[in-house]
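One structure below.
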Amino acid sequence: MDKRNSKIWAPVISLDGFRKEQTAGRDELLFNELHGERLIDKPHKHDFFIINLFDKASGVHTIDSIDHIIKDHQVHVLFPGQMHKWHVYAGTIGYQLMIERSFFEHFAPFFRFSFTNYQNHPVIDLTADAFAQLHYEFESVKQELKRENSLIPLITARAGVIAAIVSREAESAFTEFKVYQSVPRLAKFNMLIDEFFREQKLVAFYAEKLHISPNYLNILCKKHLKISATQLIHQRISIEAKRLLQSTERSIKEIAFELGFADQAYFSNFFKQQTGASPSDFRENIHVEKTPSPLKAT
């Protein structure tokens, strides 16, 4: 590993790394409480799902290179593979559910939108009622986990309620979620992009899957999302490219190949058009700290 890549490579931390700190748990999931300051200044990722519920909170949570101000009554959702680090300030009170992939699949349908939507909007502000509902469900999961013979069906049901509430609040907070709820074809298009973006980059492929013309798919995107169908595909590729450049030791050529580009030059041109920086410049600059002031959280 060269010196530059040693700054880039991000470890993958499994659920077992948190068992000593757990408040309650079993093999499939853990419940943790957050009290006071927490600092993780090195980006890393997990191979499991995390739902963070903040009660009284302040700080900065950096997810996929974007800084998010931590505030009271928020939920932060992290999917496997997302890069993150944070500085949670003193006085913070929060709760965490850490969930293995296999268990997450049991209630994943209650997250009603494409997982990419949540990855694009991982921080959701909550109403007082929504926070109270989520807090009740988190507490119920914790109490069930503390029982000697905790019931997985009950925990699964509670987790499904949590996912449904998070989805409802996300739909209320972000226009993108409202669009996907009201225009099912666009929701399906987004899910197809998640599945095929590495191999398929042409609108015609997705239009055929949706049984509509490429032109009509483009009209739907421009009308409801204010971007073209091609731009939506390119956004998804860019997100994955940034994640790979930041979190892996793979060469730019290897990343280009993984993302379905014929050669490194084509990928580099694409990436610069999307982000304004070349892949190598992006890698050089990602370790620069840009932590915003907590005073911005008003």
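The values are calculated or read from the model by the stated rules, or taken from the named source; none is laboratory data. Quick caveat: nothing in here was measured; it's all calculated off a predicted structure. We place every Cβ from the backbone using ideal geometry, glycine too, and count neighbours over all the protein chains shown. Ligands, DNA and RNA are stripped out before the accessible areas are found, and what is left, the full protein with its side chains, is counted by its heavy atoms. Shrake-Rupley method; radii C 1.70, N 1.55, O 1.52, S 1.80 Å.
Below, the figures for the structure above:
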{"quantity": "Cα gyration tensor, the range 12-173 - rounded (a/c under 1.5), prolate or oblate", "calculated": "rounded"}
{"quantity": "Rel. contact order, % - alpha carbon contacts under 8 angstrom, at least six apart, the range 177-288", "calculated": "20"}
{"quantity": "10 Å Cβ shell holding at most 16 others, DSSP loop, trypsin sites (Lys or Arg not before Pro): longest site-free stretch of the chain", "calculated": "57-146"}
{"quantity": "1.4 Å probe accessible area per residue over the chain, in Å²", "calculated": "50"}
{"quantity": "Summed side-chain charge close to residue 242 - residues other than residue 242 whose Cβ falls under 14 Å, Lys, Arg +1, Asp, Glu -1", "calculated": "+1"}
{"quantity": "³J(HN,Hα), Karplus 6.51/-1.76/1.60, whole Hz, each residue of the range 110-121, x for Gly, Pro", "calculated": "6, 7, 6, 10, 4, 4, 4, 4, 5, 5, 6, 10"}
{"quantity": "Accessible carbon and sulfur surface of the range 12-173 relative to its total accessible area, %, 1.4 Å", "calculated": "51"}
{"quantity": "Above-threshold pairs, the threshold being 22 Å between Cα atoms, out of 188/272; 42/142; 201/242; 201/272; 42/242", "calculated": "188/272; 42/142"}
{"quantity": "Rounded, prolate or oblate (a/c below 1.5 giving rounded, otherwise prolate when a/b exceeds b/c) for the range 177-288 by Cα gyration tensor", "calculated": "prolate"}
{"quantity": "The chain: DSSP helices with Cα axial extent of at least 24 Å and average Kyte-Doolittle hydropathy no lower than 0.5", "calculated": "152-173"}
{"quantity": "Spatial separation of Cα centroids for the range 106-127 and the range 40-89, in angstrom", "calculated": "14"}
{"quantity": "Estimated vicinal HN-Hα couplings, Hz - the range 29-34 in sequence order (Karplus 6.51, -1.76, 1.60; Gly, Pro = x)", "calculated": "7, 10, 10, 10, 10, 10"}
{"quantity": "Cut-off 12 Å between beta-carbons: net charge of the residues surrounding residue 168, Lys and Arg +1, Asp and Glu -1", "calculated": "-1"}
{"quantity": "CD proxy at 222 nm, helix term only [per DSSP H run n ≥ 4: -39500 (n - 2.57); per residue of the chain; nearest 500]", "calculated": "-15000 deg cm²/dmol"}
{"quantity": "Amide H within-cut-off set for residue 34, under 5 Å, with H built and near neighbours excluded", "calculated": "94, 95, 96"}
{"quantity": "Partner aspartates and glutamates for residue 209 [C-alpha distance under 20 Å; skip if fewer than 8 residues away on the same chain]", "calculated": "194, 195, 199"}
{"quantity": "Stokes-Einstein translational diffusion, the chain - Kirkwood Rh over all Cα pairs, 0.692 mPa s, 37 °C, in µm²/s", "calculated": "160"}
